[in-house]
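Before any comments, here is the structure.
The values are calculated or read from the model by the stated rules, or taken from the named source; none is laboratory data. Remember, it's a predicted structure, so these values are computed and weren't measured experimentally. Note: ideal-geometry Cβ built from the backbone for every residue, glycine included; neighbour counts use all protein chains shown. We work out accessible area using only protein heavy atoms, side chains counted, and drop any ligands, DNA or RNA first. Shrake-Rupley method; radii C 1.70, N 1.55, O 1.52, S 1.80 Å.
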Amino acid sequence: MSHYFYITPEEYAQAAAIGVDNQTLDRRVRGLGWKKERAITTPIRRLDKSRSYWREVAEKNGISFSAFHSRLSRGWSPEDAATKPKQTPEEIRDQALRATEQIRKIPRWCLDLAAKNGIQSATLHLRIKKGMSFEEAATRPLMSRSQAGVRGAAALRTREGDWAAQIFKKGGS
């Protein structure tokens, strides 16, 4: 295995021909574990001079290096990353509110109407999920417990018939 880390003088010369110095070649093979062929044939990546210029511009505009770098990694051009000011907290909040409105399933007017009529948002969501229209779900008044009981008893009678007569039979047996 040790022969993988031995670099011949010819390999040093081959790497030097494309601009890779001895120290870099040693670090690539012995420190980073690159295969010798890749370490010898991969040229050194040169720093983009225009990026360092835009970095200085960004710092003059009050944009930190990390913000500048983050913008570049998200696909911004170097000029925009260095010159566009950072958003204020109010701008961030407004952008988030606009994004929320874009993905909203129940329109804002429906939520406001339900709140005005004393209907909680959970009730509104459940009504819409069960098939009510937005308008009906936001305006139909809530039932009292006694109204719900009467409605439930009527549904039971239609589904099961007169169940009380089956339990409390009148007459002989």
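Structural remarks
- Over the chain, Cα pairs under 8 Å with separation of 6+ residues give a relative contact order of 11 percent.
- Karplus-derived HN-Hα couplings along segment 154-167 (A = 6.51, B = -1.76, C = 1.60, θ = phi - 60°), whole Hz, x at Gly and Pro: 5, 5, 5, 4, 6, 7, 10, x, 7, 5, 5, 5, 6, 7
- Available extension along the chain between LYS35 and ALA148 is 33.0 nm, counting 0.36 nm per residue and deducting the alpha carbon span.
- 3J(HN,Hα) along segment 5-13, derived from phi through the Karplus expression 6.51 cos²θ - 1.76 cosθ + 1.60 where θ = phi - 60°, amounts to 8, 7, 10, 7, x, 5, 5, 4, 5 Hz, with x in place of Gly and Pro.
- For the chain: rounded, prolate or oblate by the Cα gyration tensor [a/c cutoff 1.5]: oblate
- Sites GLU136 and GLN102, calculated FRET efficiency, Cβ-Cβ separation with R0 22 Å, nearest 0.05: 0.30
- Only helices enter the 222 nm calculation for the chain: every DSSP H run of n ≥ 4 contributes -39,500 (n - 2.57), and dividing by all residues gives -17500 deg cm²/dmol, rounded to 500.
- Per residue, segment 18-173 exposes an accessible area of 79 Å² to a 1.4 Å probe, with every protein chain left in place.
- In order through segment 131-139: 3J(HN,Hα) via Karplus (6.51 cos²θ - 1.76 cosθ + 1.60), integer Hz, x for Gly, Pro: x, 6, 6, 4, 4, 5, 5, 8, 10
- Solvent-accessible area of GLU135 with every protein chain in place, 1.4 Å probe, in Å² to the nearest 10: 100 Å²
- Listed by chain and number, the aspartates and glutamates whose C-alpha is less than 20 Å from the C-alpha of LYS84, apart from same-chain residues fewer than 8 away, are GLU56, GLU59, ASP94.
- In segment 1-103, trypsin sites (Lys or Arg not before Pro) in a DSSP loop with at most 16 other beta-carbon atoms within 10 Å: LYS35, ARG45, ARG46, ARG74, LYS86
- Net charge of Cβ neighbours under 13 Å - reference ALA39; Lys, Arg +1; Asp, Glu -1: +2
- Between SER52 and SER121, the C-beta separation translates, for a Förster distance of 41 Å, into a calculated FRET efficiency of about 0.20.
- Computed from label points 7 Å out along Cα-Cβ, the spacing between GLN95 and ASP162 is 7.1 nm.
- The fraction of accessible area contributed by carbon and sulfur in segment 100-173 is 56 percent, rounded to a whole number (1.4 Å probe; ligands and nucleic acids excluded).
- Reach of LYS105 by Cα under 30 Å, taken over lysines that are not fewer than 8 positions away in the same chain: LYS116, LYS129, LYS130
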